[in-house]
Number of protein chains: 2
Amino acid sequence: MSSQAHDDELPDFTIVGCGLAGALMACYLGRAGHRVVLYEKRADPRKAGAFEGRSINLALSTRGIHALREVGLADEVLKSAIPMRGRMIHDERGALSYQPYGKDESQAINSVSRGGLNVTLLDAAERLPNVRVVFQHRCQDIDLETNTLRFAAGQDEETVVVRARSVIGADGAYSALRERMQHLGRFDYSQEFLGHGYKELTIPAAEGGGFRMERNALHIWPRGHYMMIALPNVDGTFTCTLFWPFEGPSGFDALTTDEAVRRHFETHFPDAVPHLPALIEEYRRNPVGSLMTVRCRPWRVTDKLVLLGDACHAVVPFFGQGMNCAFEDCAVLNECLARHPGDRAAAFEAYEWKRKENADALAGLCVENFYEMRDHVASASFLLKKKLSLLLYRLFPNAYVPLYNMVTFTRIPYAEAVRRAAAQERALKLALGLGLAAGTAALFALLHRYS
Amino acid sequence: MSSQAHDDELPDFTIVGCGLAGALMACYLGRAGHRVVLYEKRADPRKAGAFEGRSINLALSTRGIHALREVGLADEVLKSAIPMRGRMIHDERGALSYQPYGKDESQAINSVSRGGLNVTLLDAAERLPNVRVVFQHRCQDIDLETNTLRFAAGQDEETVVVRARSVIGADGAYSALRERMQHLGRFDYSQEFLGHGYKELTIPAAEGGGFRMERNALHIWPRGHYMMIALPNVDGTFTCTLFWPFEGPSGFDALTTDEAVRRHFETHFPDAVPHLPALIEEYRRNPVGSLMTVRCRPWRVTDKLVLLGDACHAVVPFFGQGMNCAFEDCAVLNECLARHPGDRAAAFEAYEWKRKENADALAGLCVENFYEMRDHVASASFLLKKKLSLLLYRLFPNAYVPLYNMVTFTRIPYAEAVRRAAAQERALKLALGLGLAAGTAALFALLHRYS
């Protein structure tokens with residue numbers, strides 16, 4: 001059991017969690033001249049291999065790229081990313097249809113490797129002389145009276161006690177720091193699970209290298225109550241994710257025998273089966289993850305503690321925005337700290353004020369997009385609506401931006417994007433109504449003339 | 001550290017928490033012939049004095065009375081209760097107006113002492129030879145693999161480990177057992193606080209005994225964003241509860257000096273001030289409690305653990321239903337256990353299935369009723385609506401029952417009561433619309449005749 005003592009020896013910021021958000025925040029703070037220590041529960045991924053238990057690739061888009069650019073890492077990250085310019089829909093017979101995301105080729109989301117990006121961020125943080133990273137320290141508790149963190153360190157889980165000036169909780173959806181806050185008075189908290197879980201499978205590269213399917217697309221097999229998606233990786237593989245219900249005939253709880261799994265795939269994902277040589281083996285081996293939305297308030301305790309990313313607003317992955325939103329948190333927190341240089345409590349308050357309604361808006365959008373992806377993405381009326389929407393966008397790019405595009409390709413705050421989309425929808429309905437009325441009037445006039 | 005060993009020595013049910021719900025459940029189970037052990041964190045209230053930290057009196061109504069009747073305690077409890085037949089509204093000048101709750105004098109809610117009722121239930125439980133109560137055992141954790149409970153016992157907080165067949169979690173709004181379930185996968189949970197807190201004050205009995213205000217009423221001082229209420233006690237006193245916001249000029253955080261408190265009362269509760277001789281002293285001494293709604297799902301783990309009352313559905317106190325709903329839980333759980341004698345997992349599942357939607361419906365009603373009580377209860381249009389509603393009820397007692405009366409004076413499940421109230425509302429609007437149309441038609445006919 002060890003402990004630090006004097007206040008002037010304390011780092012300016014102690015970050016708990018060295019995933020994507022924590023590592024990026026360390027880059028921001030380190031570049032702003034603060035002394036930063038990061039604690040990470042896992043071993044150094046550069047020595048121990050990839051991060052475990054999390055999705056393998058992620059879709060990086062405008063908000064995330066902006067934050068990476070601010071710390072000088074955007075170009076490096078984009079170099080090993082694969083742009084996905086639209087959705088490739090696979091129907092039950094294996095027929096394909098393509099929906100572009102943007103108004104032109106420049107609007108793409110980028111498939112990046114979680115592990116690779118995390119290493120890039122860690123390397124960048126550690127290059128800063130005032131940033132230090134400590135691995136294999138699992139945060140167990142915080143005493144908010146004295147702002148003392150308790151860790152279980154190393155393989156022996158030795159207790160290590162560390163005092164902190166300000167703690168940044170980037171310890172993820174199952175945050176220990178947030179759990180501590182839950183015991184404070186008047187802490188609003190909710191965790192809500194989808195009835196669906198997820199499991200990852202791999203489509204290997206083609207023989208002799210290269211991709212077995214269109215590389216610059218996000219592939220979707222929408223099947224009503226369940227679906228599969230696939231994102232490309234730089235090595236020519238795709239990572240597939242099954243989003244299936246736990247219960248019911250097409251659910252994980254029912255599909256347990258090799259035979260049932262194979263039959264299910266051959267019936268519902270026939271064109272994918274030839275690309276999944278290790279299907280049964282991977283299906284057996286890979287775990288089923290659950291999908292949780294977390295909301296809470298407040299996100300901070302005076303100048304002692306502030307939460308970031310999944311720790312305060314975990315979302316389900318159907319808008320590809322979890323990481324992008326967390327990176328935007330880092331950018332906003334950095335901005336608020338710069339605006340209130342002498343007053344961290346004020347900075348943390350301003351940060352929460354700016355982010356909370358946007359995180360709530362995103363959480364709702366992510367659940368809605370799940371229903372869109374699995375149910376509607378393949379329907380004719382949905383495709384028509386999408387086409388019309390993109391057409392309007394091309395015709396009136398300043399007046400009409402589809403919600404998906406505002407969320408993915410702009411930095412308009414999420415809540416404002418939702419409000420703008422609703423206003424656009426109303427205006428469109430009015431225009432259609434007026435058009436209909438004008439048409440009807442014209443028809444009557446014609447009839448009158450010839451009657 | 002002690003431990004129990006053999007399965008056949010284990011009690012049939014281990015109840016954690018010996019508040020109102022836990023003690024009543026013990027009566028039900030004991031009477032049904034089960035061996036029951038109850039663990040309570042506090043000392044025996046019959047030796048140590050009243051239960052602390054909770055409201056002093058409660059409104060017992062039809063659902064609660066039904067459950068007490070099933071265990072043979074209703075008459076005894078009602079003997080020391082004070083019927084409240086309506087709301088007595090105190091306006092800012094001290095003028096009174098009275099709103100009856102029911103269609104006649106027989107419909108009343110009953111002010112009972114929490115402490116007294118708890119002792120009655122404990123006594124009844126301990127009279128059963130197969131029920132044992134253990135005090136000063138604070139539940140800290142449950143291991144759901146082995147169904148082992150860990151307690152901190154006595155003043156030395158000695159660790160006591162106890163195995164259980166089936167655990168019933170009646171450990172209240174801050175349930176340790178529910179918190180353990182929160183760490184299982186796919187446990188939906190939310191805790192939500194009102195921006196208002198509460199503080200209790202006492203109106204003593206009149207000199208020479210007797211009540212200083214109307215005894216058979218629930219007194220309300222509605223003031224828009226805040227209010228005070230008072231319930232009578234058998235000793236001639238009233239327990240007042242302030243429901244004030246934490247923040248803002250009329251909030252607990254602002255009203256801290258004796259002078260400010262006195263001025264606030266003299267301005268806004270002038271007729272109460274003469275009845276509150278110890279106002280300042282009590283205001284200073286008594287704590288401010290917070291008001292939380294808890295929702296969760298599931299309420300159970302196989303046949304090992306099931307939650308009851310506040311532990312799975314804490315509500316805010318504005319419908320006087322928290323205890324009544326918890327007692328109804330006990331009645332339903334008892335019924336489900338009787339229907340599935342060999343299969344506790346099925347009984348617990350049936351119980352959750354029957355109660356969850358009703359608990360959710362009640363949670364919503366309780367928050368709505370807060371806004372009704374503090375904002376509308378004094379308005380002319382609200383009074384008119386209430387009068388009209390009660391008039392309809394008297395005229396068509398089988399067809400129209402106001403929502404308040406369904407909740408308070410029937411055992412119609414809460415969710416069904418909400419649906420029926422909505423249907424009644426629609427029918428009423430239709431009837432009013434038809435009446436208006438008929439009236440307009442008649443008017444036109446008249447005008448036509450005389451034009």
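The values are calculated or read from the model by the stated rules, or taken from the named source; none is laboratory data. Quick caveat, the model's predicted, so the values are computed rather than measured. Reconstructed Cβ throughout: ideal geometry from the backbone, glycine too, with neighbour counts over all protein chains shown.
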Can you find even one residue in the range A:402-419 that is in contact with a Pro (Cβ under 8 Å, 6 or more places away or on another chain) and farther than 27 Å from A:Leu242 by Cα? no
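If only one of A:Ile203, A:Ile168 is aliphatic (A, V, I, L, M), more than 11 Å from every other protein chain (Cβ to nearest Cβ), touching a residue at least 40 places away in the same chain (Cβ under 8 Å) and over 25 Å from A:Asp44 (Cα atoms), which one is it?
From the options A:Ile203, A:Ile168, the qualifying one is A:Ile203.
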Given the condition in a loop (DSSP other than H, G, I, E, B), more than 30 Å from A:Pro222 (Cα to Cα) and in contact with a strand residue (DSSP E or B) (Cβ under 7 Å, 6 or more places away or on another chain), answer yes or no: does some residue in the range A:345-359 qualify? no
Please state which one of B:Arg42, B:Arg69, B:Arg87, B:Arg31 is in contact with a Phe, Trp or Tyr (Cβ under 8 Å, 6 or more places away or on another chain), within 28 Å of B:Ser166 (Cβ to Cβ) and surrounded by 14 or more Cβ atoms within 10 Å (Cβ to Cβ). B:Arg42
With touching a residue at least 12 places away in the same chain (Cβ under 8 Å) and surrounded by fewer than 15 Cβ atoms within 10 Å (Cβ to Cβ) as the only criterion, which of B:Pro341, B:Pro397 stands out? B:Pro397
Does A:His137 satisfy being within 14 Å of another protein chain (Cβ to nearest Cβ), out of contact with any helix residue (DSSP H, G or I) (no Cβ under 6 Å at 6 or more places or on another chain), buried (at least 19 other Cβ atoms within 10 Å of the Cβ) and at negative phi? no
Conditions (1) closer than 16 Å to A:Arg42 by Cβ; (2) surrounded by fewer than 23 Cβ atoms within 10 Å (Cβ to Cβ); (3) among the polar types (S, T, N, Q): number failed by A:Asn147: (1)
Out of everything in the range B:45-69 that is touching a helix residue (DSSP H, G or I) at 6+ places or on another chain (Cβ under 8 Å) and part of a loop (DSSP other than H, G, I, E, B), what residue ends up being modelled with the highest pLDDT? B:Ser61
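Please determine, by comparing only the residues of the range A:213-247 that are in a loop (DSSP other than H, G, I, E, B) and small (Gly, Ala, Ser), which one is nearest to the chain's Cα centre (by Cα).
Here is the first cut: in the range A:213-247, the ones in a loop (DSSP other than H, G, I, E, B) are A:213-217, A:223-226, A:233-237, A:246-247.
Right, trim to small (Gly, Ala, Ser) and you get A:217, A:224, A:236.
Details: A:Ala217: 18, A:Gly224: 23, A:Gly236: 23 Å.
The residue in question is A:Ala217.
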Let me confirm something: among B:Leu121, B:Leu194, B:Leu201, which residue is assigned to a helix (DSSP H, G or I) and buried (at least 17 other Cβ atoms within 10 Å of the Cβ)? B:Leu121
Options A:Gln182, A:Gln191, A:Gln155: the member that is within 14 Å of chain B (Cβ to nearest Cβ) and at pLDDT below 95: A:Gln182
Residue check for A:Glu200: charged (D, E, K, R), within 30 Å of A:Gly86 (Cβ to Cβ) and touching a Cys at 6+ places or on another chain (Cβ under 8 Å): yes
Being touching a residue at least 40 places away in the same chain (Cβ under 8 Å), of a type in the set (D, E, K, R) and not in a strand (DSSP E or B) is the filter here; which residues of the range A:176-191 pass it? A:Arg178
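Collect the residues in the range B:275-300 that are touching a residue at least 40 places away in the same chain (Cβ under 8 Å) and in a helix (DSSP H, G or I), keeping them in residue-number order. Step through it out loud before you land on a result.
So the first thing to find is which residues in the range B:275-300 are touching a residue at least 40 places away in the same chain (Cβ under 8 Å), and the list is B:275-279, B:282-283, B:286-300.
Across the range B:275-300, the qualifying residues are B:His275, B:Leu279, B:Glu282, B:Tyr283.
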B:Ala173: assigned to a helix (DSSP H, G or I), under 26 Å from the mean Cα position of the chain (by Cα) and either crowded, with 17+ Cβ neighbours inside 10 Å or within 14 Å of another protein chain (Cβ to nearest Cβ) (or both), yes or no? no
Looking at A:Gly210, is it in a loop (DSSP other than H, G, I, E, B), more than 14 Å from every other protein chain (Cβ to nearest Cβ) and either under 30 Å from B:Met181 (Cα atoms) or at pLDDT below 95 (or both)? yes
Which number in (1) at pLDDT below 95; (2) more than 14 Å from chain A (Cβ to nearest Cβ); (3) at positive phi marks the one condition that B:Glu145 misses? (3)
With (1) crowded, with 18+ Cβ neighbours inside 10 Å; (2) of a type in the set (Gly, Ala, Ser); (3) in contact with a strand residue (DSSP E or B) (Cβ under 9 Å, 6 or more places away or on another chain) as the list, and A:Ala331 as the residue in question, which single condition is left unmet? (3)
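Would you mind stating whether B:Asn324 is out of contact with any strand residue (DSSP E or B) (no Cβ under 9 Å at 6 or more places or on another chain) and not in a loop (DSSP other than H, G, I, E, B)?
Values: out of contact with any strand residue (DSSP E or B) (no Cβ under 9 Å at 6 or more places or on another chain): no; not in a loop (DSSP other than H, G, I, E, B): yes.
No, not satisfied.
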